[in-house]
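Everything below concerns the one structure shown next.
Quick note: the coordinates plus some simple rules give every number you see, no bench work behind them. Since this is a predicted model, take the numbers as computed values, not measurements. Neighbour counts run over all protein chains shown; Cβ positions are idealised from the backbone, glycine included.
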Amino acid sequence: MKFNINLSFLIIFILIFACSKKEEQITTLKKKSLDDQMIEVYNQAIEEFEKGDVIFAGKKFSEAELLYPQSIWAPRAVLMSAYGFFSQGYYKDAINDLERFIIKYKFHPQIDYAYYLLALCHYDQIVDERKDFNEILLAKKYFELIIKNYPDTDYASDSKYKLEFIIEIMASKEMYLARYYVEREKWIPAIKRFKKVVNEYDTTIYVEEALYRLVELHYKLGLINEAESYAKLLGYNYQSSKWYELSYKMLNKNYEKSKDIATDNRETILKKFKTLFK
């Protein structure tokens, strides 16, 4: 009987010890579930990224962020996911990550990089200025934001360079539309487009041709005073260009036809045309 009692106590003691050990193991696992487990998933994502599997890496980065969204690794995971998608040309996925990052982590120290990468996502999708105008406008918007809000960064320096190219593209689109209207003899819409180039894109390579076309179209419509005004502007700023020479020949033709007018008017006309090109 005494033996049975001792055996019962031994069994109870073993069960208590086993339960205690199991509880200790569970507690250890719980401690790993946040920091350690998240870092483990983050490292897995990095490994997949280095292998070139950005889709699976993106999923892992998202998993890492969800595991411990309050940690310093969570925003890094979003940025790494975005960069991975961007590097392989998955622009839509990259944009989704970056827009979410900007909303969720707007005070993060790398917010300037997020905006820069977002601008590049739109910039790299510009293939044809006639078809990708929305991407042009979005890239312009974010590059201007970077220049304004983060002027002392390397991102701002590169944004200025890329913004110059975007302005050239936008001017090119206006010239394309203006020529389209000219081919169809729609003079007024064409004039509006050429004027837009002169007024809004005066630093681009297209402004000289736009000025000449305005001389040409106004001359064609019989609006000589307006043609002369644009010729003066072209001559004042671009006297050595081929477009200035063409405008001179166009208006000088009008003068040649006037040779048969009374001699008294000859000197007046000559002086008039000379003043256009001073």
Assuming a ≥ b ≥ c are the square roots of the Cα gyration tensor eigenvalues, decide whether segment 81-216 counts as rounded (a/c under 1.5), prolate (otherwise, with a/b larger than b/c) or oblate. prolate
Per-residue HN-Hα couplings for segment 171-181, Karplus 6.51 cos²θ - 1.76 cosθ + 1.60 at θ = phi - 60°, whole Hz, x for Gly and Pro? 5, 4, 5, 4, 5, 4, 5, 4, 5, 4, 5
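At a threshold of 8 angstrom on Cα-Cα distance, excluding pairs fewer than six apart, so keeping six or more, what relative contact order does segment 32-121 reach in percent? Walk me through the numbers on the way to the answer.
On the way: 105 pairs, mean separation 18.8, N = 90.
Worked out over segment 32-121, it gives 21 percent.
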Phi to ³J(HN,Hα) by Karplus 6.51 cos²θ - 1.76 cosθ + 1.60 over segment 95-109, Hz, x for Gly, Pro: 4, 4, 5, 5, 5, 5, 4, 4, 6, 7, 10, 5, 9, 5, x
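Where in segment 30-110 are there trypsin sites (Lys or Arg not before Pro) that are in a DSSP coil and have at most 16 other Cβ atoms within 10 angstrom of their Cβ? Numbers along the way, then the final one.
Values: sites: Lys30, Lys31, Lys32, Lys51, Lys59, Lys60, Arg76, Lys92, Arg100, Lys104, Lys106; in loops: Lys106.
Within segment 30-110, the qualifying trypsin sites (Lys or Arg not before Pro) (loop, at most 16 other Cβ atoms within 10 Å) are Lys106.
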Segment 85-141: chymotrypsin sites (Phe, Trp or Tyr not before Pro) in DSSP coil with no more than 10 other Cβ atoms inside 10 Å: Phe107
